[in-house]
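The values are calculated or read from the model by the stated rules, or taken from the named source; none is laboratory data. Computed from a prediction, not measured in an experiment: that's the story for all the values here. Reconstructed Cβ throughout: ideal geometry from the backbone, glycine too, with neighbour counts over all protein chains shown.
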Amino acid sequence: MPSYGLDRFITDCSAVAAMNGDPADCVLAVAPLMERLLDSDRSFLRPEHVRSDPGHYARNAIYISPDQHLSLFALVWLPGQWTPVHDHGSWGVVGVLQGVLEERSLMAIDGAITADHGIRLKRGGVILLKENSISSFVPNPDHIHLTGVPETRAMAVTLHLYGRNMNSFHIYDVDKGTRRLVDVPHQAT
Ligand SMILES: [Fe+2]
């Protein structure tokens, strides 16, 4: 029986995105597709997809849809590499290929964020995503978190499917209560 591969995953996810439905319905539909992809022989992964960078976590683009409505990245996290506090402005589904990804959530005390200042964030819970685990998020109320791998753990490799071309996102300064939109290159951030 042929393995569920990248082409079918992209086709199936594109169909979900094209419905332009509620973000919660999108992640409900995509999560089992990510599960099938993680259970595949993973032959779609090429060396450039699992490239690491000693300076920061590596963000390797696997697929960007021509209409910008879908993107898939492989992120490689060496021990001690973390994102800043950020949101995505989109729904997304994360699957762990290797290692353990730690996700620390933050919540906006005042509800939906409508300005780039005066943002009050409260630290929330933590999730440890092991190999083959799947996580998801939806925007609004804003999904804000930082993710990474502590120094004490081995490297991790994770797949991230987003409901848009994830070429920018908000980075938060928790102490100052501000956020700014930053462009992120496809190969690294
Ligand atoms: Fe994130």
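Just so you know, in the range 109-132 the residues that are within 15 Å of the ligand (Cβ to nearest atom) and closer than 18 Å to Leu97 by Cβ include one that is surrounded by the most Cβ atoms within 10 Å (Cβ to Cβ), and it is Leu129.
In this structure, His88 does satisfy being surrounded by 20 or more Cβ atoms within 10 Å (Cβ to Cβ), touching a residue at least 40 places away in the same chain (Cβ under 8 Å) and within 16 Å of the ligand (Cβ to nearest atom).
Only one of the numbered conditions (1) more than 18 Å from Pro23 (Cα to Cα); (2) crowded, with 16+ Cβ neighbours inside 10 Å; (3) touching a residue at least 40 places away in the same chain (Cβ under 8 Å); (4) among the small types (Gly, Ala, Ser) is not met by Gly80, and that is (2).
Exactly one residue out of Thr147, Thr152, Thr158, Thr114 is more than 22 Å from Ala18 (Cα to Cα) and in contact with a Ser or Thr (Cβ under 8 Å, 6 or more places away or on another chain): that is Thr147. Can you pull out every residue in the range 155-173 that is within 15 Å of the ligand (Cβ to nearest atom) and among the hydrophobic types (A, V, I, L, M, F, W, C)? Listed by number, the residues that qualify are Ala156, Leu159, Leu161, Met166, Phe169, Ile171.
Of all residues in the range 138-149, those being touching a Gly at 6+ places or on another chain (Cβ under 7 Å) and either acidic (Asp, Glu) or at pLDDT 95 or above (or both) number 1.
Those strands (runs of 3 or more DSSP E) of the range 86-180 in which 3 or more residues are within 22 Å of Asp53 (Cα to Cα) occupy 92-98, 101-108, 144-148, 156-162, 168-173. With respect to (1) on the phi < 0 side of the Ramachandran plot; (2) within 12 Å of the ligand (Cβ to nearest atom), the lone exception for His69 is condition (2).
Please verify whether Ser105 is within 15 Å of the ligand (Cβ to nearest atom), among the small types (Gly, Ala, Ser) and touching a helix residue (DSSP H, G or I) at 6+ places or on another chain (Cβ under 9 Å), treating the condition exactly as stated. In short, no.
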